[in-house]
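The block underneath contains the structure these notes are about, expressed in structure tokens.
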Amino acid sequence: MMFRFHTPNAVSLSDRRSIFSVFLCLCGSILLFFATIVAQPPSPKSVLGFTPSDDKTIADWTQIVDYFTKLDKGSDKVAVREIGKSTLGKPLIVAFISSSSNIKNLEKYRQISAKLADPRTVKDAAELDDLVKNGKTIVSISCSIHSTEIVASQMSMNLAYELATATDADTKEILDNTILLLFPSSNPDGVQIVADWYRKTLGTKSEGTSPPELYHHYAGHDDNRDWFMLNLKETQAITKLFWQEWFPQLVYDVHQQGVNASRFIIPPFFDPPNPRVPATILREVGLIGYKMAADLQAKGVEGVATNSTYDTWWHGGFRSAPYFHSSIGILSEAASANLMTPVTVKREDLARNRTTRGLPDLLSISTNYPDTWDGGLWRPVDINNIEMTSSRALLQMAAKFRPRYLRNFYELGKANLQADPTVPQAYVVLAGQPRAETVSRFLEILTWQGIEVQEMTHELWVKHSKTEDFHEIPLGSFLVFLNQPQKNNVLSLFEKQVYPHRLLPNGDAEAPYDVAGWTLPLQMGVESYEVWDIRDLEKQRGTLKPVTNINQARSILNLKASTQPFDKMPNPLKTNPRIGLYKPFTSSMDEGWTRLVFDNYQIPYTSLSNEDFRQNRLNVDAIILAADSENMIMNGLNAERYPPEFAGGIGEAGAENLKKFVENGGKLICFDDSCELVIKRFGLPMKNVVAGMKRSEFYNPGSVVKLDVDTKQPLAQGLPEQTPAYFTTSSAFDVTDISRVTTIARYAAKDALMSGWMLGEKFINGKTALAEATYGKGKIVLFAFRPQHRGQTFGTFPFIFNALEK
């Protein structure tokens with residue numbers, strides 16, 4: 001654009017100055033105009049070439065990161081940070097979204113949230129009032145941790161763009177009063193795996209199917225079962241961000257459920273609640289859920305359910321772990337499409353779904369389901385729109401009630417500091433116990449999630465119960481006091497869970513959402529005891545030293561310093577057996593957790609495919625079958641939906657080759673479900689006594705049980721006579737020929753349940769839990785339980801190590 005100024009010769013100096021000022025102003029306006037264009041936040045479509053959630057489109061992780069990077073550059077309301085790497089090395093990012101002023105002062109607001117999380121740092125009521133007045137509600141929204149629940153990862157870009165560009169009063173209130181920590185996905189590898197598979201199969205018979213591999217390298221769907229155990233890089237990074245740095249008051253985890261279900265499930269949740277979750281948290285969870293439901297109803301969305309399916313009992317999920325950190329955790333579950341392909345849902349398919357807790361009939365209205373959905377076309381954009389509405393509802397609540405959320409957060413932490421005669425004063429982790437590396441990992445798990453641990457630099461005299469005498473606790477032990485902001489988290493990890501006895505009208509056990517018990521010291525085989533009183537505690541406080549880093553604890557345990565958080569464990573094997581681990585295309589989580597254990601302990605292994613079994617390429621010393629069913633191992637994926645290279649299992653040829661492998665001197669190790677195939681195919685004189693039992697007779701959905709171990713057996717070397725093990729709808733064997741099968745461990749003859757819930761315990765009391773059988777020149781080791789369950793059961797890992805070389 002050209003501008004021309006005609007100036008007569010006789011122009012005064014003042015006039016010239018005025019003309020020049022006008023020229024400068026005009027140039028400034030032009031520059032500002034072009035700068036505004038350049039700084040305009042890019043829309044997702046302008047970067048991707050399509051609008052996220054369009055039918056049959058998908059953005060992979062590289063594209064998602066690229067979009068958020070460009071949004072960061074184009075908006076002063078967005079700041080994208082990489083907080084670590086995923087398991088396979090992809091960037092794990094979080095987008096901070098707030099007003100431009102808040103974004104410039106993120107560290108100020110982080111410090112306010114950190115002070116509110118620890119009331120001991122707030123000196124008086126005046127300072128508290130100031131923190132509440134000036135703080136912002138810290139909100140986290142996480143998308144697509146389960147990567148086949150893919151729409152939320154796409155929705156995250158739409159949500160971020162809307163917040164960065166909208167100018168309405170509602171959005172301004174949100175941005176002024178909240179700081180959003182938006183995770184496009186807490187499983188970057190899975191988003192990439194799903195996107196690659198979807199594109200590859202688009203237009204084929206496999207379109208819309210799950211990938212023929214775990215969508216998290218180790219955990220698959222179980223990546224959302226790791227939030228107190230911290231086995232995975234992603235949970236480690238986000239846990240640090242949450243409970244060491246930002247302390248969010250609200251955490252929202254966005255999920256999808258099956259196709260033939262309600263359109264959306266949100267809080268309030270179903271019973272039972274965990275007694276360690278404060279009542280205030282439960283009330284606030286319900287309030288936010290009802291706000292979401294009301295907003296969706298106002299938009300005419302049908303099929304929204306509350307008080308259904310999901311409960312608040314279990315610790316370990318993205319939204320359930322925050323309950324034990326005084327934070328509000330929200331879960332939503334939208335009905336799925338076939339990845340990004342629309343589906344047509346028939347009314348009769350909805351009618352057949354009568355197994356959902358709290359929602360027995362999808363076609364009838366009820367208080368928690370007042371507007372039914374009768375079926376029809378269901379598209380990714382429908383999911384996107386529901387999730388956008390629920391996300392905004394959450395953010396509106398966080399903004400409008402900011403002072404209340406901040407003050408409640410503080411008050412919940414303060415309540416945890418008060419003396420409580422109903423719980424122990426502390427827990428002690430004893431010095432001198434075996435497996436120091438496991439003790440070190442246990443302490444690291446605690447401290448990483450913000451639990452305070454004290455090193456004892458002097459002996460103490462304590463009571464392990466209210467009635468007994470004082471006992472001496474040796475120097476070098478560790479104390480975990482209850483009067484700390486993490487009190488509820490400490491209790492939920494250390495104490496034994498007692499799940500309520502809940503039966504359906506027909507007498508069957510009502511299944512919990514996840515597991516019933518998870519007591520961490522029992523699972524890990526760490527000796528810890530309740531401490532109800534400490535002699536002369538006030539005089540002894542000076543002898544207690546806070547554990548500020550894991551190498552401090554490792555030094556006390558006489559261990560070599562770690563080079564990084566959650567460092568590798570030393571290889572426990574004295575020999576070098578060639579290990580083959582069966583890896584099916586059916587996405588076996590149990591196989592993935594087995595790989596994680598081996599990788600963490602630096603144990604070399606080879607993955608064996610279906611084709612390796614079919615072609616008899618079993619050139620190893622020991623083969624492990626993880627806890628997969630006979631059908632999964634033998635038949636694998638359906639050839640009608642999957643290409644030939646992924647379809648089928650090991651087949652009859654593979655099963656025969658497996659038998660020959662053992663006959664010729666090989667060792668076969670089976671976990672839980674896979675024992676069924678081996679017992680049948682190898683004709684072993686044993687049976688699973690709980691197979692086929694009704695839930696009114698026997699049920700154990702996930703609990704810690706006691707084993708009586710024959711420690712004279714080589715497979716039991718280094719194990720205590722009574723060892724906690726994990727039982728999750730597992731097996732119990734009757735051995736009918738003891739000349740062929742040796743029992744290594746049995747479920748305890750009485751009082752086998754240690755933590756959780758078990759109906760019909762008598763059916764497993766005294767039954768075989770671990771056995772060794774001879775077959776030809778080889779051996780078969782059969783675990784009735786999962787000795788590496790979710791990578792948590794360090795206490796039974798030695799059984800696996802012994803089985804590999806004894």
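The values are calculated or read from the model by the stated rules, or taken from the named source; none is laboratory data. Please read all numbers here as calculations on a predicted model, not as lab measurements. Quick reminder, even Gly has a Cβ in these numbers, built from the backbone with ideal geometry, and neighbours come from all protein chains shown. Quick note on the areas: whole protein, heavy atoms, side chains included, nothing else; ligands and nucleic acids left out. Shrake-Rupley method; radii C 1.70, N 1.55, O 1.52, S 1.80 Å.
Listing for the model above:
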{"quantity": "Test: residue in segment 539-548 that is surrounded by 13 or more Cβ atoms within 10 Å (Cβ to Cβ), within 28 Å of GLY592 (Cα to Cα) and either at pLDDT 95 or above or among the aromatic types (Phe, Trp, Tyr) (or both)", "calculated": "no"}
{"quantity": "Some residue of segment 420-439 being buried (at least 20 other Cβ atoms within 10 Å of the Cβ) and touching a Lys or Arg at 6+ places or on another chain (Cβ under 8 Å)", "calculated": "no"}
{"quantity": "Residue tally, condition farther than 11 Å from THR312 by Cβ and of a type in the set (A, V, I, L, M, F, W, C), over segment 280-292", "calculated": "3"}
{"quantity": "Qualifying helices (runs of 4 or more DSSP H) (wholly inside segment 157-259; at least 1 residues being farther than 29 Å from GLY135 by Cβ and either of a type in the set (D, E, K, R) or more than 23 Å from the chain's Cα centre (by Cα) (or both))", "calculated": "188-201, 233-240"}
{"quantity": "Selection within segment 619-631 - surrounded by fewer than 20 Cβ atoms within 10 Å (Cβ to Cβ) and in contact (Cβ under 8 Å) with a residue 24 or more places away in the chain", "calculated": "ASN619, VAL620, ASP621, SER629, GLU630"}
{"quantity": "Residue that is surrounded by the most Cβ atoms within 10 Å (Cβ to Cβ) [pool: residues in segment 264-293 that are in contact (Cβ under 8 Å) with a residue 24 or more places away in the chain, farther than 24 Å from ASP223 by Cα and of a type in the set (A, V, I, L, M, F, W, C)]", "calculated": "MET292"}
{"quantity": "Search result, residues across segment 248-263 that are in contact with a Lys or Arg (Cβ under 8 Å, 6 or more places away or on another chain) and either crowded, with 24+ Cβ neighbours inside 10 Å or closer than 30 Å to LEU406 by Cα (or both)", "calculated": "VAL251, TYR252, ASP253"}
{"quantity": "Qualifying residue in segment 738-759 (condition: surrounded by fewer than 22 Cβ atoms within 10 Å (Cβ to Cβ), in a helix (DSSP H, G or I), under 33 Å from the mean Cα position of the chain (by Cα) and touching a residue at least 60 places away in the same chain (Cβ under 8 Å))", "calculated": "no"}
{"quantity": "Which listed residue is over 30 Å from the mean Cα position of the chain (by Cα) and among the aromatic types (Phe, Trp, Tyr), from PHE698, PHE733", "calculated": "PHE733"}
{"quantity": "In segment 411-436, the residues that are out of contact with any Asp or Glu (no Cβ under 9 Å at 6 or more places or on another chain) and either under 21 Å from VAL277 (Cα atoms) or among the aromatic types (Phe, Trp, Tyr) (or both)", "calculated": "GLU411, LEU412, LYS414, ALA415, ASN416, LEU417, GLN418, ALA419, ASP420, PRO421, THR422"}
{"quantity": "Conditions (1) crowded, with 24+ Cβ neighbours inside 10 Å; (2) in contact with a strand residue (DSSP E or B) (Cβ under 9 Å, 6 or more places away or on another chain); (3) not in a helix (DSSP H, G or I): number failed by THR148", "calculated": "(1)"}
{"quantity": "Helices (runs of 4 or more DSSP H) within segment 1-98 that include 1 or more residues open to solvent by less than 80 Å² (accessible area, probe 1.4 Å) and modelled with pLDDT under 55", "calculated": "13-39"}
{"quantity": "Scope segment 313-347; condition outside any helix (DSSP H, G or I) and of a type in the set (Gly, Ala, Ser); matching residues", "calculated": "GLY316, GLY317, SER320, SER326, SER327, GLY329, SER332, ALA334, ALA335, SER336, ALA337"}
{"quantity": "Residue satisfying condition, being assigned to a loop (DSSP other than H, G, I, E, B) and either closer than 16 Å to MET754 by Cα or among the basic types (Lys, Arg) (or both), within set PRO720, PRO724", "calculated": "PRO720"}
{"quantity": "Residue within segment 377-392 that is in contact with a strand residue (DSSP E or B) (Cβ under 6 Å, 6 or more places away or on another chain) and either farther than 30 Å from ILE265 by Cα or assigned to a strand (DSSP E or B) (or both) present", "calculated": "yes"}
{"quantity": "Hits in segment 703-717 (condition: out of contact with any Asp or Glu (no Cβ under 7 Å at 6 or more places or on another chain) and either at pLDDT below 95 or in a loop (DSSP other than H, G, I, E, B) (or both))", "calculated": "ASP710, LYS712, GLN713, GLN717"}
{"quantity": "In segment 348-359, residue least open to solvent (accessible area, probe 1.4 Å) [restricted to those that are touching a strand residue (DSSP E or B) at 6+ places or on another chain (Cβ under 9 Å) and either of a type outside the set (Val, Ile, Thr) or in a loop (DSSP other than H, G, I, E, B) (or both)]", "calculated": "LEU359"}
{"quantity": "Close pairs from segment 498-514: first open to solvent by 30 Å² or more (accessible area, probe 1.4 Å), partner among the basic types (Lys, Arg), Cβ under 7 Å, at least 6 apart", "calculated": "ASP508/LYS694; ASP508/ARG695"}
